[in-house]
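For reference, the structure discussed in these notes is given below.
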């Protein structure tokens, strides 16, 4: 399916690894010019080499900035004045009991997970509305609708992203701009593999994955971790003209583990 991305410029925050890297790869495969973002030049260069190994003609922009800070967002905007597609993928998480979650931990997750998307959307969405076309996607999580007790602060930020995305979508009436959220479930990224490995030390990863899903996400209909490419392809579709009727939506890509019809 042609996603008609050839004339589009996209920014995917935190795209030097994990889900962000696969989103960037899928957008590049669709023909978009993609800004590859990470906090260091080394991580960005590595990600670009990774993508170009499979897509030699990929049009990629190196962007080493820390969008978890106000100064980092300002540097991103200075380097890339406008985009057609903004994917607010930057996010951090940690498993900590509620009574051990400090004020500083709550504030840090809010600054990174929420304010990065707010600051960048405030700039880039305005330009999209002026031009009458664009896509903004917030990468939330199934934890946004099924909060995890061991990650209360993370879950709260993911729920808030859904609200922000819907609020911004209300600004897009009568334009070809859309704002949506995508809600991945547990995804096979290096960080998640490390997390699961810490729960099941010494257990082969395939077996540890099965144990984790059975014990922690038993309602999953696919019964496995999600491949990051599956999220990348979902986001690329949402960013395309093919998804022009999808706006203000929270799109689940969580393997069916959320038991709800709405």
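No lab work stands behind these numbers, since they all come straight from the coordinates. Please read all numbers here as calculations on a predicted model, not as lab measurements. Every residue, glycine as well, gets a Cβ built from its backbone with ideal geometry; the counts of neighbours run over all protein chains shown.
Details
- Beta bridges from DSSP with both residues in the range 88-207: antiparallel share about 0 percent, rounded to the nearest 5.
- Across every pair of non-identical alpha carbons in the range 5-123, the mean reciprocal distance, once inverted, gives a Kirkwood radius of 14.7 Å.
- Antiparallel DSSP beta bridges within the chain, percent to nearest 5: 0
- Subtracting the Cα-Cα distance of residue 75 and residue 167 from 0.36 nm times their residue separation leaves 30.6 nm of extension gain.
- On Cα atoms only, tilt of 18-29 relative to the major axis of the chain in degrees: 30
- Its Cα gyration tensor gives the range 143-262 an equivalent ellipsoid. The semi-axes, each the square root of 5 times an eigenvalue, are 30, 16, 12 Å from largest down.
- Separation of the residue 227 and residue 175 label points, Cα + 7 Å toward Cβ, nm: 3.6
- Cα-derived Rg over Rh, computed across the chain with Rh taken as Kirkwood radius: 0.95
- Angle of helix 205-216 to the longest C-alpha principal axis of the chain, folded into 0 to 90 degrees and rounded to 10: 80°.
- Relative to the 2.2 N^0.38 Å rule of thumb, the range 64-185 has a C-alpha radius of gyration ratio of 1.09.
- Cut-off 13 Å, label 7 Å out along Cα→Cβ of residue 6, residues of the range 239-262 by amide N: none
- Packing-based order for 200-213, 18-31, 63-76, using average beta carbon neighbours within 10 Å, highest first: 18-31, 63-76, 200-213
- Over the chain, relative contact order from alpha-carbon pairs under 8 Å, at least 6 apart, %: 20
- Against the main long axis of the alpha-carbon atoms of the chain, helix 70-79 sits at an angle near 40°.
- Virtual spin-label span in nm between residue 216 and residue 152, 7 Å along Cα→Cβ: 1.9
- One chain, two ends: residue 200 and residue 258. Fully extended at 0.36 nm per residue, the span grows by 18.4 nm beyond their Cα-Cα distance.
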